[in-house]
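See below for the structure under consideration.
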Amino acid sequence: MIVQGHDITGPRSLRTHTLVVGSGSGGGVAAYHLAEAGVDTIVVEEGGYHVASEFNQREEDMYPMLYRSGGQQMTSDGMINVMQGSCYGGGTVINVSDAFDIPSEVLAHWQRTYGTSEWTEKSLEAPYRRVHRNVNVKRINKSLVNRNNGLLLETAQKLGWSAEVMHSNRKGCVGSGYCLLGCAYDARLGTNLTYLPWAVEKGADVYTDVRCDRLERINGSSWRAHCTVVQRGLRTARLPLTIDCERVVLAASAIFTPAILLRSGLGDGLPQLGRNLTLQPQLGLVGRFDEGDEIVHWRGAPQSVEVDEFADNSVERGLGGFRLEGIGGAIGPVMIMTPGFGREHKRFGKYMRNLSATLLLVPDQPSGAVSYQWAEDGRVTPKIDYVMQDEWKQRLKAGMRRGAELLFAAGAREVAFANQAFPPLRSPDDLSRIADFRIEPGLVTFNSAHNQSTCRMGTSPANSVVDQNLKVHGLENVYVMDGSIMPTSAATHTMIPIMAAADFAVHRMLQS
Amino acid sequence: MNQIPEMTRRVFLNQTLQALGAAAAIPLAACTVGSVKSSTGMLVKTGSAAEIPPLDFLTPDQYVALESVTDTMIPRGGAFELGARDVGLAARIDSHLPRLDPAVAQGFRGALVFVEQQAPSLAGKAAPFSGLSEEERTAVCNAMLQAGGLPAGVFMAMKFFSLSYFYTLDATWKYTGYDGPMLLEDSR
Ligand SMILES: Cc1cc2nc3c(=O)[nH]c(=O)nc-3n(C[C@H](O)[C@H](O)[C@H](O)COP(=O)(O)OP(=O)(O)OC[C@H]3O[C@@H](n4cnc5c(N)ncnc54)[C@H](O)[C@@H]3O)c2cc1C
Ligand code: SF4
């Protein structure tokens with residue numbers, strides 16, 4: 001059964017065996033496998049329940065409906081836009097569907113540095129098999145590769161750089177291009193269309209518009225979750241709701257899962273809780289091509305090609321180097337990336353069909369922390385502090401250079417970066433100017449779509465928050481199954497790694 | 001630049017609504033020529049009240065400031081004729097603000113206060129932003145960018161709101177070639 005908050009008219013007390021908090025990549029997968037195994041399961045999701053017919057492909061409507069803070073959640077210095085889906089299905093409803101597994105070097109790095117010896121390619125084989133099958137992971141059909149992405153592929157090949165068409169979790173995609181705004185065609189197989197309805201079929205109940213505020217221990221090892229039914233949209237508190245349960249699976253994302261543990265007073269003895277945040281900040285590049293050269297970045301699969309020539313994964317560091325990928329589908333964000341304002345800027349509007357949009361993905365090391373303020377009604381505001389490392393900035397600039405080289409080689413007449421005070425490069429002769437690119441709040445805006453590591457997995461409470469079964473150290477029956485458990489950035493795209501991690505942990509839990 | 005910048009900064013950082021509400025209500029020390037002090041203490045260009053449409057979120061003086069901002073970001077002319085004023089961009093933004101996260105919406109209000117009252121001094125101007133000529137407003141925006149930090153962040157927010165709500169408006173599409181949503185029935 002799916003119960004939407006507006007159908008709840010008075011305070012409620014519920015009881016279940018396992019409570020899953022959050023319905024995104026981790027929560028959706030966990031809920032289904034629990035229900036499939038016959039475990040009485042309730043899912044609570046703070047965001048609203050929405051279906052394809054509501055996805056009108058308009059940015060001004062979809063960001064407030066489907067994203068945390070309408071897509072405006074920022075780091076505390078205002079430099080990184082930390083984007084998160086917040087609705088039935090979480091990030092899987094608004095992401096661009098790229099499907100990657102955790103690279104072998106990253107698993108080896110974790111084993112060596114964090115002692116996660118049980119997380120191996122072999123032990124993850126079955127979880128990946130199930131996840132890939134369940135969300136239909138396949139290489140993106142060539143017909144969906146638009147010119148924006150196709151140009152990257154062709155030009156990289158001309159330059160002798162490694163590049164390929166990515167895999168994704170779609171079925172019946174018509175290439176509308178609006179993945180970031182929810183798929184109106186039910187073609188992107190997020191948990192909203194797969195694991196969650198399957199969990200409901202198996203008897204799970206999903207409560208949307210319900211925020212879990214804190215956990216209270218009752219009767220020894222059982223838990224009472226204190227929740228709030230919120231008003232859809234502005235999320236003001238409406239009604240209290242409690243759920244008594246034997247077990248809790250937290251899957252509220254790397255930004256919000258630590259908040260629940262901290263508010264519950266369960267942070268003592270967990271010094272890593274809320275720390276080690278990775279964001280994988282991404283920088284946008286816009287190329288302007290000749291008037292006759294139509295790119296139309298907003299049609300076709302928004303992100304289908306990756307240039308991985310400069311990826312540099314290693315056992316010592318995990319993910320490294322940088323990657324370039326096409327991106328499109330939302331005109332607002334692409335226009336914002338172009339520098340300047342006034343009449344001079346309007347040329348970017350006039351030549352909208354001739355603009356290409358590319359993302360430079362630069363994997364980071366754990367570099368941030370989340371802390372919180374709670375309003376009286378339980379509403380939580382995260383303070384996301386993040387420090388860019390010098391080594392990361394150097395890789396960023398190397399990536400900007402390669403990205404601009406690629407776009408000029410593809411025929412761009414000018415290349416702009418998402419920095420308001422940095423005039424576009426007009427030719428390859430300008431590449432040296434990248435050395436002067438100022439990385440300062442207010443001038444440059446990065447995007448983050450991959451928050452991770454604030455409850456990282458490891459061998460002891462001193463170096464981690466959860467163990468290799470994803471159980472919180474020292475707490476009976478409290479698990480975390482979302483992006484926060486990754487010791488470092490798991491992959492350039494984290495949906496499939498999180499799904500596989502949840503699948504792995506739930507199957508282990510059920511076996512024990 | 002006393003309390004307002006700090007409070008406005010918090011807006012962007014998505015912090016307390018109360019602080020931002022306070023920022024939006026801080027009175028100015030002095031009036032300048034060509035402007036009046038409104039009920040909320042903000043300086044507004046005289047003579048503009050008659051053109052103010054019914055508002056959902058902003059006060060009339062904040063609306064006047066926003067209209068000047070959007071006109072500076074997207075003036076008439078240039079690569080195509082249509083500008084922010086032609087499409088009622090400030091009113092469109094106002095109508096969307098109540099649907100945003102209250103901290104973001106309040107922050108936007110605080111940012112407008114900053115642009116109107118504080119930013120002109122960065123370019124050596126004493127009048128409120130909405131009382132300046134287009135050339136002067138452009139100079140103020142450039143000065144905000146050059147200053148970095150909070151002023152640049154406020155500039156960025158103003159640009160973000162102006163461009164996002166302008167280019168997603170159907171009336172602009174014939175100038176940009178954006179062909180709009182491709183909903184289910186369109187693909188059949
Ligand atoms: C714009 C964008 C594009 C992306 N593109 C890709 C891509 O192409 N490929 C890829 O692999 N990954 C992509 N990602 C990343 C991927 O979607 C996320 O990493 C992944 O969904 C995170 O999973 P999660 O389980 O950690 O949390 P989420 O999927 O974020 O789910 C957490 C859910 O918990 C809910 N919640 C939070 N707090 C509470 C509470 N207290 N009570 C109840 N519910 C709560 C939230 O509302 C949310 O719905 C993208 C992300 C974004 C934002
Ligand atoms: S491109 Fe369009 S049809 Fe395809 S998955 Fe994305 S939103 Fe759905």
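The values are calculated or read from the model by the stated rules, or taken from the named source; none is laboratory data. Nothing here was measured: the structure is a model prediction, and the numbers come from that model. Note: ideal-geometry Cβ built from the backbone for every residue, glycine included; neighbour counts use all protein chains shown. Only protein heavy atoms, including side chains, enter the accessible area calculation; ligands, DNA and RNA are left aside. Shrake-Rupley method; radii C 1.70, N 1.55, O 1.52, S 1.80 Å.
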Using a 1.4 angstrom probe and counting only protein chains, how large is the accessible area of residue A:316 in Å², to 10? 120
Shielding by other protein chains, B:90-103, mean Cβ within 10 Å: 3
Show the residues, 5+ positions off or on another chain, whose built amide H is closer than 5 Å to the amide H of residue A:207. A:3, A:43, A:44, A:45
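Could you give the alpha-carbon Rg of the protein assembly as shown over 2.2 N^0.38 Å, rounded to two decimals?
Numbers: Rg = 24.8 Å, N = 700, 2.2 N^0.38 = 26.5 Å.
Compared with the compact-globule rule of thumb, the protein assembly as shown sits at 0.93.
Largest first, what is the accessible-area ranking of A:137, A:248 with a 1.4 Å probe?
Descending order: A:137, A:248.
Going from most exposed to least, what order do A:512, A:427, A:97 have by accessible area with a 1.4 Å probe? Mind dumping the intermediate values first?
Values: A:512 120, A:427 35, A:97 0 Å².
Greatest to least solvent exposure: A:512, A:427, A:97.
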Take every DSSP beta bridge with both residues inside chain A and express the antiparallel ones as a percent of the total, to the nearest 5. 70
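What FRET efficiency comes out for residue A:120 versus residue B:173 if R0 is 51 angstrom and r is the Cβ-Cβ distance? Round to the nearest 0.05.
On the way: r = 52 Å, r/R0 = 1.02.
Once the sixth-power term is evaluated, E becomes 0.45.
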Charge dipole of the range A:226-305 about the Cα centre (unit charges at C-beta), most positive-ward option of A:226, A:305, A:258: A:226
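So how strong a dipole does the range A:357-507 carry about its Cα centre when Lys and Arg Cβ are +1 and Asp and Glu Cβ are -1, to the nearest 20 debye?
Working: 13 positive and 16 negative charges, 85 e Å.
Roughly 400 debye, rounded to the nearest 20.
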Quote the charge dipole size of the range B:98-188 about the Cα centre in Debye, to the nearest 20; the model charges only the Cβ of Lys and Arg (+1) and of Asp and Glu (-1). 200
With unit charges on the beta carbon (Lys/Arg positive, Asp/Glu negative), name the residue among A:117, A:410, A:128 whose Cα is farthest towards the positive pole of the charge dipole of the protein assembly as shown. A:117
Helix A:390-410 vs. chain A, principal-axis angle (Cα, 0 to 90°, nearest 10): 50
Run the 1.4 Å probe and let me know the accessible area of residue B:115, rounded to the nearest 10 Å². 10
How much solvent-accessible surface does residue B:141 expose, in Å² to the nearest 10, with a 1.4 Å probe and all protein chains in place? 10
Can you pull out the buried accessible area for chains A and B, both sides counted, probe 1.4 Å, rounded to the nearest 100 Å²? 4500
Under 26 Å between alpha carbons, and skipping anything fewer than 8 positions from residue A:397 in its own chain: which lysines qualify? A:158, B:159
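What FRET efficiency comes out for residue A:154 versus residue A:371 if R0 is 51 angstrom and r is the Cβ-Cβ distance? Round to the nearest 0.05. Spell out each step's value before the answer.
Details: r = 46 Å, r/R0 = 0.91.
Using R0 = 51 Å, I get an efficiency of 0.65.
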Would you mind getting me the FRET efficiency between residue B:76 and residue A:315? Use the beta-carbon distance for r and R0 = 60 Å, nearest 0.05. 0.55
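Just how large is the dipole of the protein assembly as shown about the Cα centre, in debye to the nearest 20, putting +1 at every Lys and Arg Cβ and -1 at every Asp and Glu Cβ? Intermediate results must be reported in sequence, preceding the final value.
Working: 65 positive and 72 negative charges, 23 e Å.
Here the size comes out at about 120 debye.
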Theoretical gain in end-to-end length, residue A:113 to residue A:511 [0.36 nm per residue, Cα-Cα removed]: 140.5 nm
Compute the long axis of helix A:495-511 from its Cα atoms, compare it with the longest principal axis of the Cα atoms of chain A, and write down the angle in degrees, 0 to 90, nearest 10. 20
Computed label-point distance, nm, for sites residue A:429 and residue A:221 using a 7 Å Cα→Cβ extension: 7.4
In nm, give the distance between the simple-model label positions of residue A:268 and residue A:389, each being 7 Å from the Cα along the Cα-to-Cβ direction. 3.4
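Please report, as a whole percent, how much of the solvent-accessible surface of the protein assembly as shown comes from carbon and sulfur atoms (probe radius 1.4 Å). Mind dumping the intermediate values first?
Values: 11620 of 23720 Å².
Answer for the protein assembly as shown is 49 percent, counting heavy atoms of protein chains only.
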